[in-house]
Structures are given as C-alpha cells and as structure tokens.
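In what follows, a structure is listed as structure tokens, so that the remarks can point back to it.
The values are calculated or read from the model by the stated rules, or taken from the named source; none is laboratory data. What you are looking at is a predicted structure, and each value in this text was computed from that prediction instead of being measured. Heads up, the Cβs are rebuilt from the backbone with ideal geometry, glycines too, and the neighbour counts pull from every protein chain shown.
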Amino acid sequence: MLNGKKQTILLVDDDPDILQMISYNVEKEGYTVYSAADGEEGIALAKKVKPDLVLLDVMMPKMDGIEVCQIIRENKDIEQPVIAFLTSRSEDYSQIAGFKAGGDDYITKPIRPRVLISRIEALLRRNHKEDQENTSVKQKGHVVLDRERFLLLLENKEIQLPKKEFELLELLLSRPGKVFTRDQILSSVWGDETIVGERTIDVHIRKLREKIGDAYIRTIKGVGYTYNEV
C-alpha cells in the first residue's frame, strides 16, 4: 500500500496454477487481486476494476499478451496501469515487441514469490513517485505533454503515446540540447530495478520518430540522444 491506499493488481494468465500461486502470495502482502484466464477477460476487467498494475502472460491462446497490452494502451476508457509481462521466453523479439506495445517490465518464469513481490513493490513505488513529481501538463514551445492522458499535443495535433514513449520524450524535453546518455535514459525511464537491453531505447526512439518526425530527437553516435527545439 502507498499512502494508505490498498492497491489493485490484475493477473492475466491461462495457467490456473500460476493464477492461484500468484494470487495467494500477492494477497498476503495486502493487495487486492483480480484474475483473468484469457486476454479478452483481462481487458474487460481492466476497464471495470482500474488496476494499478497488470501482470500479463505473453503466451496465451486466442489473444496473446502483446496484443492485450496494446489494446489496453490504446483504449482511452482504461485508466492506464503499470504493465509487467510474465514470460518463460527470453528472446529479444518477445521483449522488444512487449516494450513496443507499451509494457513497463518483464518478469521471467518460473516465478519466485519473494522476487515477484519485490518487483511489484518497485514498479508501483516508482510509478507513484513519478505521479507525485510530475505535473499534469508540461509545455515547451509548441509541444505540450499531458501526463494524465499520456497525450502529446504537437502543432495542434493530438498524438497518444504509450507510457514509456511518453516518459522518454518527457525526459529529453526536460532539458533541450542536453545529451542524455543511454545509461541515464535507462535509469530515468526504466529504473534501476528493471533490466532491459540498449536496443529497447532504440526501438522507443524509432517509434517516437515515426509519430513526431525526425527533427525533434537527434542521435549523438556512441553517446545517446538529445532533444532539438524546432
């Protein structure tokens, strides 16, 4: 709990044993837990219970976790949660696809309960800190960032951004002209508790450029990235 608020976690996994094990251990820590056995049920519950965190299996029948994450991120009726994938897959493709869809972290199966609780606490704590430290709307020139809706207003055009793309742009925008190293970006956007590869940054930069154009973000070869005021 943060500030006395009992937080809600949504589990989405087609394995009933995984659901039972995680629910038992997470509920013991004082969280409210809801479970869904497939992606469609998970999306419906996300709309209904407004979870603070979604633990989402990647490999599921009918609709995989990547698609579920993407639908949640694109649905304006869903109050945006932290999303962590549960997966036994370690391929780069799976992780990159998950981050591109708007995921925040990966937790690898088999899951050790104490490690899982620590990761949950770290994700929720970091998200709570970000909510406290960041004002709702920031403006730099003709670029406006609305954190409550993860919305970018660029030249009077509204662009919806996944959470990590928004936070990456927000970081670069905070100090135009400053070169942020890859280590600084990983620490600020993903946090020290989360292990991701450097390719993850490149994927998010590429997706941002697809949406806002190439002029705003400049690559400093071998160092990192900087924001150009246009």
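The rows are residues; the columns are (1) in a helix (DSSP H, G or I); (2) crowded, with 22+ Cβ neighbours inside 10 Å.
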{"site": "ASP17", "(1), (2)": "yes, no"}
{"site": "GLN20", "(1), (2)": "yes, no"}
{"site": "SER23", "(1), (2)": "yes, no"}
{"site": "GLU27", "(1), (2)": "yes, no"}
{"site": "GLY30", "(1), (2)": "no, no"}
{"site": "TYR34", "(1), (2)": "no, no"}
{"site": "GLU40", "(1), (2)": "yes, no"}
{"site": "ALA46", "(1), (2)": "yes, yes"}
{"site": "LEU56", "(1), (2)": "no, yes"}
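The number of residues in region 118-138 that are at pLDDT 85 or above and basic (Lys, Arg) comes to 1. Residue pairs whose Cβ atoms lie under 8 Å apart, sitting 6 or more positions apart in sequence or on different chains, and linking a residue in region 36-57 that is farther than 23 Å from ALA97 by Cβ to a partner that is part of a helix (DSSP H, G or I) and modelled with pLDDT under 95, are ASP52/LEU124; ASP52/ASN127.
GLU165 satisfies every condition listed in (1) acidic (Asp, Glu); (2) at pLDDT below 85; (3) in contact with a Phe, Trp or Tyr (Cβ under 9 Å, 6 or more places away or on another chain) except (2).
Checked against (1) assigned to a loop (DSSP other than H, G, I, E, B); (2) without any contact (Cβ under 8 Å) to a residue 40 or more places away in the chain; (3) out of contact with any helix residue (DSSP H, G or I) (no Cβ under 8 Å at 6 or more places or on another chain), PRO61 passes all but condition (2).
For region 188-204, filtering for residues that are under 15 Å from the mean Cα position of the chain (by Cα) and either at pLDDT 90 or above or surrounded by 14 or more Cβ atoms within 10 Å (Cβ to Cβ) (or both) leaves 10. Scanning region 79-117 for residues that are more than 17 Å from the chain's Cα centre (by Cα) and among the small types (Gly, Ala, Ser), we see that the one that is modelled with the highest pLDDT is SER88.
Can you name every residue in region 198-230 that is among the charged types (D, E, K, R), out of contact with any helix residue (DSSP H, G or I) (no Cβ under 7 Å at 6 or more places or on another chain) and in a helix (DSSP H, G or I)?
Going through region 198-230, the residues among the charged types (D, E, K, R) turn out to be 198-199, 202, 206-207, 209-211, 214, 218, 221, 229.
Still in the running and out of contact with any helix residue (DSSP H, G or I) (no Cβ under 7 Å at 6 or more places or on another chain): 202, 206, 209-211, 214, 218, 221, 229.
Answer for region 198-230, where residues must be among the charged types (D, E, K, R), out of contact with any helix residue (DSSP H, G or I) (no Cβ under 7 Å at 6 or more places or on another chain) and in a helix (DSSP H, G or I): ASP202, ARG206, ARG209, GLU210, LYS211.
With respect to (1) of a type in the set (Asp, Glu); (2) modelled with pLDDT of 85 or more; (3) in contact with a strand residue (DSSP E or B) (Cβ under 6 Å, 6 or more places away or on another chain), the lone exception for GLU67 is condition (3). When region 143-181 is filtered for residues that are under 24 Å from ILE220 (Cβ atoms) and over 18 Å from the mean Cα position of the chain (by Cα), the ones remaining, listed by number, are VAL143, LEU154, LEU173, SER174, ARG175, PRO176, GLY177, LYS178, VAL179, PHE180, THR181. Taking first residues from region 129-148 that are under 17 Å from LYS163 (Cβ atoms) and partners that are part of a loop (DSSP other than H, G, I, E, B) and at pLDDT 75 or above, the Cβ contacts under 6 Å between residues at least 6 apart in sequence or on separate chains come to ASN134/ARG147; SER136/ARG147; SER136/GLU148.
Under the condition of being under 16 Å from ASP214 (Cα atoms) and in a strand (DSSP E or B), the residues counted in region 136-160 number 4.
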